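The values are calculated or read from the model by the stated rules, or taken from the named source; none is laboratory data. Not measured: the values here are computed from a predicted model. Counting neighbours? That spans all protein chains shown, and the Cβs are built from the backbone with ideal geometry, glycine included.
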Amino acid sequence: MGKCLRYITANTDTEEQSFPVPKAFNTHVEELNLDVLLQKVDHLRMSESGKSESFELLRDHKEKFRDEIEFMWRFARAYGDMYELSTNTQEKKHYANIGKTLSERAINRAPMNGHCHLWYAVLCGYVSEFEGLQNKINYGHLFKEHLDIAIKLLPEEPFLYYLKGRYCYTVSKLSWIEKKMAATLFGKIPSSTVQEALHNFLKAEELCPGYSNPNYMYLAKCYTDLEENQNALKFCNL
């Protein structure tokens, strides 16, 4: 996942024409009811190869379900998936911007839905990849704010603790100039430690043992930084 560090008013319907995804199936679109659609896209998304198909299904149903919260955050999530799958810089920027706009709209409609805050945070991180230092810091602030809200609303979601660990680890490595600029923008210097990052990565592992290889990688990094080499090796070998 990209580094997690103003609001672009993208017109989703117009922007969507810029980077069409080739259809993997015939051109006939089977209309699904909402519950069936959500189950299908969640199942497809369990594999990397199914993420594009999941995105297409959501896009095919956007006119019918565009105001349904459970549809909205999944559609934003799907734009995040397409960002990850794309290797083209302009496409990645396109997916990140539209996904962020969708997730922002979802938060406005359902401020107590943790998934809306989760994917808004993630997409802010993706958008920040194309920004200068000042906007990266702005997006970092938004990322942390919405991640903390999501954790309160979804305390058993391991992905959130992995993201929080990534945030803490990144902040622990900020340069002096980055900290100084953040203090200028927000009145205080962001602070975190490798120990805090480790705590969050361990929480993700506790909630879901064997959660992910990237989580293992960051556990190993944290233990290496803390000079706990035996623990680092344990996670390198998993």
Report summary line: Flagged in segment 128-157 as part of a helix (DSSP H, G or I) and among the acidic types (Asp, Glu), in numbering order, are Glu145, Asp148
Query - Enumeration of residues in segment 138-173 that are in the same structural domain as Tyr216 (by TED's automatic domain parsing) and of a type in the set (S, T, N, Q) - result: Thr170, Ser172
Query raised in the report: What's the number of the condition Ala182 fails, among (1) over 15 Å from the mean Cα position of the chain (by Cα); (2) part of a helix (DSSP H, G or I); (3) surrounded by fewer than 18 Cβ atoms within 10 Å (Cβ to Cβ)?
Result: (3)
Report task. Take segment 102-127 and flag every residue that is polar (S, T, N, Q), surrounded by fewer than 24 Cβ atoms within 10 Å (Cβ to Cβ) and in contact with a Phe, Trp or Tyr (Cβ under 9 Å, 6 or more places away or on another chain). Result -> Asn113
Report summary line: Scanning segment 218-238 for residues that are in a loop (DSSP other than H, G, I, E, B) and touching a Gly at 6+ places or on another chain (Cβ under 9 Å) gives Leu238
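Looking for something out of contact with any strand residue (DSSP E or B) (no Cβ under 6 Å at 6 or more places or on another chain) and more than 17 Å from Phe235 (Cβ to Cβ) - is there at least one such residue anywhere in segment 202-211?
no
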Query raised in the report: So Gln134 fits all but one of (1) within 21 Å of Arg74 (Cβ to Cβ); (2) surrounded by fewer than 16 Cβ atoms within 10 Å (Cβ to Cβ); (3) polar (S, T, N, Q); what number is the exception?
Result: (1)
